[in-house]
Every structure is written in structure tokens, then in C-alpha cells.
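Here is the structure we will look at.
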Amino acid sequence: MNIKCVKTGFLEENCYILEKNNECLIIDPGSDFNNIKSNIKNKVIGVLITHRHYDHIGALEQLLNEYKVPVYEKINLDEENYKLGNFSFNVIFTPGHTNDSVTYYFYKNKVMFTGDFLFFNNIGRCDLEGGNFSEMKKSIKKIKKYDDNIKIYPGHGQSTTLAREKEKNIYFNS
């Protein structure tokens, strides 16, 4: 699986384009439709949303009008297996930043797309509408059980690994 990160908007949201066998999934289409579209080289089969903050869905409507594909979000069957075309993944319900935040875990590739739940050396804000620090702590506890070798692709900033966050992220040790 090939992963492209497209920075969008003034908050530099990370929109991800996942490519495999001439198909692609879009994760969190931020606010720059033309930039996202110019990076799509394969057949779009779906859009995954980690949460509904504007910086993560600003180009969603344009993307859906252009490609006529389904949107997957608020999938509440925690840790269920999903298959879309050539892609297999789990959905992990990770509230805290918002009450509907999910993480997508592509277990065959050992990668997670965490939206604004987990960042390099930090976590998402819990003081916005729908945020809850108690729920965030439960989500952190849940994610800690996963393999250290998993690479984390957050909604903003640089990627990291779960091992690094377990070791260095102060929120993982509180």
C-alpha cells in the first residue's frame, strides 16, 4: 500500500491518499479540493472520515460530487474488520477529541490513521465541543494494547510510531 500525505488549509491538515492495485481511499479530505484531486492517480473507491471538524472535511462535498463514492464515518462497531476493494482495516472508536472520533487501523500494513486523537508527542484538544478528557484517557488505554511497531499517521504534523508515543508522550504515562 502506498500512502500519500497532502497538506491542506491554513491548519495544515493531513489528508491521506492510500493506493493499492489501482484503487485508492481518501482519508480526511481537508479544505483544498484541487490539491487533493491533483494527487489522485487511481480509481477512488471511498472516503474515510476520522471526525467531522471542518479542517478534515472541507473538500468532502466536492470530492463526492466528483467521484460519486461512499463516505465511511461514525462506524461504531468497535474493532470490526472491514474490507473496501483491496483495502482491509479495523475501525477503533477513539473518542476524546470529539465524541465520534475513530482511528483506522490497516493491520496488514501496521499503520493507523488517528485524525486528531493522537499526534507526535501529543493528543488532540479535548476542550472543544464534543471533547472529553476522560474519554480521551480511555481511548489512550485502548490504543496502548496495540503493537509497538505500528506507524501512526495523525491529522496534523509528522508521523510517529506507537512505540515512541508509549515511551515519550506524557499522556500515555498519566
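The values are calculated or read from the model by the stated rules, or taken from the named source; none is laboratory data. Nothing here was measured: the structure is a model prediction, and the numbers come from that model. Cβ placement follows ideal geometry from the backbone for every residue including glycine, while neighbour counts extend to all protein chains displayed. Accessible surface areas use protein heavy atoms only, side chains included; no ligands, DNA or RNA. Shrake-Rupley method; radii C 1.70, N 1.55, O 1.52, S 1.80 Å.
Of the residues Ile143, Ile152, Ile92, only one is within 25 Å of Val71 (Cα to Cα), more than 12 Å from the chain's Cα centre (by Cα), open to solvent by less than 10 Å² (accessible area, probe 1.4 Å) and among the β-branched types (Val, Ile, Thr); which?
Residue meeting the stated conditions: Ile143.
Restricting to segment 155-171, name every residue that is open to solvent by less than 40 Å² (accessible area, probe 1.4 Å) and among the hydroxyl-bearing types (Ser, Thr, Tyr).
Across segment 155-171, the qualifying residue is only Thr160.
Working only within segment 85-132, note down all residues that are small (Gly, Ala, Ser) and not in a loop (DSSP other than H, G, I, E, B).
Hits for segment 85-132 are Ser88, Gly115.
Is it fair to say Gly124 is of a type in the set (Gly, Ala, Ser), without any contact (Cβ under 8 Å) to a residue 40 or more places away in the chain and closer than 20 Å to Leu162 by Cα?
Spelling it out, Gly124 is indeed of a type in the set (Gly, Ala, Ser), without any contact (Cβ under 8 Å) to a residue 40 or more places away in the chain and closer than 20 Å to Leu162 by Cα.
Does Gly115 satisfy the condition of being at positive phi, surrounded by 20 or more Cβ atoms within 10 Å (Cβ to Cβ) and touching a residue at least 60 places away in the same chain (Cβ under 8 Å)?
yes
Criterion first (touching an Asp or Glu at 6+ places or on another chain (Cβ under 7 Å) and within 19 Å of Leu25 (Cβ to Cβ)) does Gly124 satisfy it?
no
What tally of residues in segment 118-140 results from selecting those that are of a type outside the set (D, E, K, R), modelled with pLDDT of 95 or more and open to solvent by 60 Å² or more (accessible area, probe 1.4 Å)?
Residues flagged as of a type outside the set (D, E, K, R), modelled with pLDDT of 95 or more and open to solvent by 60 Å² or more (accessible area, probe 1.4 Å) within segment 118-140 amount to 6.
Assess whether Val69 counts as being assigned to a loop (DSSP other than H, G, I, E, B) and free of Cβ contacts under 8 Å to residues at least 40 places away in the same chain.
Criteria met by Val69.
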